[in-house]
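Derivation of every value follows stated rules applied to the coordinates shown; laboratory data play no part. None of these values were measured; they are calculated from a predicted model. Ideal geometry is used to build each Cβ from the backbone, glycine not excepted, and the neighbour counts take in all protein chains shown.
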Amino acid sequence: MVLQFLYPQFTEMIKILLADDHGPIRAGLRAFIGDLIPSSSIEEANNGDTALKKIKGNNFSFIILDQKIK
């Protein structure tokens, strides 16, 4: 909703990957982004290997990556 208000011409689905080894961080980011951009598609990875596999198979608009992911 906020994104559409700021950029009404933006109509693409936004695909986001949340990669963090801490579940509560991923859950908080998912909730925050979901409220901010309800039409977003959010995937999660709990480790670096899973993140790399998901990146190779998808075309994400944004990737939010923990700097010290295991």
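Brief remarks on what is shown
- Near ASN58: Cβ cut-off under 12 Å, other residues only, Lys/Arg at +1 and Asp/Glu at -1. The net charge is +3.
- Modelled label positions at ASP21 and THR50, each set 7 Å beyond Cα in the direction of Cβ, lie 1.3 nm from each other.
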